[in-house]
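Worksheet: one structure, shown below.
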Amino acid sequence: MTRGELLSRVAETDSTFNRRGPDWVGKCLICNGPLAFDARTGEGATLEHIRARGRGGGDNLANLAVVHGSCNWEKGRRWDPKRRRSRADYDALVARLLEKRMARWRDAPPPPSRADRP
Ligand SMILES: [Zn+2]
């Protein structure tokens with residue numbers, strides 16, 4: 001799956017996102033600011049693992065979000081293990097973001113299975 005396809009899958013399940021021609025237009029999960037990206041290339045947005053993979057997060061859609069590159073970078077920097085923020089603070093942030101993701105959730109058509117692809 002390409003970056004554009006993966007970001008599109010996430011946008012399909014986020015009710016703030018709508019298609020505008022070649023783009024998806026919606027809101028960043030972290031800052032709620034306006035965000036648009038090219039559905040084909042993913043250009044303009046970054047895929048966020050709400051709970052980082054290194055902290056036990058998975059690749060399921062509910063753990064993925066479309067965010068600004070700058071927001072993704074800032075979250076990563078703030079929670080760098082070397083900065084010794086507490087595990088409880090991290091869990092609270094993740095819980096807030098997961099809750100926001102669920103509040104925005106929109107049921108999407110099931111994705112085509114890999115077997116359907118040429
Ligand atoms: Zn943002």
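The values are calculated or read from the model by the stated rules, or taken from the named source; none is laboratory data. Keep in mind that what you see is a predicted model, and the values were worked out from it rather than measured. FYI the Cβ positions are ideal-geometry reconstructions off the backbone, even for glycines, and counts take in every protein chain you see.
Each residue in segment 39-57 was checked for being among the charged types (D, E, K, R) and buried (at least 16 other Cβ atoms within 10 Å of the Cβ), and 2 of them qualify. The residue list LEU64, LEU29, LEU35 contains one member that is buried (at least 21 other Cβ atoms within 10 Å of the Cβ) and more than 18 Å from MET102 (Cα to Cα), which is LEU35.
Collect the residues in segment 28-41 that are under 25 Å from TRP79 (Cα atoms) and free of Cβ contacts under 8 Å to residues at least 40 places away in the same chain, keeping them in residue-number order. ASN32, GLY33, PRO34, LEU35, listed by residue number. Take the residues in segment 67-118 that are modelled with pLDDT of 80 or more and of a type in the set (S, T, N, Q); name whichever of them is nearest to SER8 (Cα to Cα). By that ranking, first place goes to ASN72.
Scanning segment 18-43 for residues that are in a loop (DSSP other than H, G, I, E, B) and away from the ligand (no atom under 15 Å from the Cβ) yields GLY21, PRO22, ALA39, ARG40, THR41, GLY42, GLU43.
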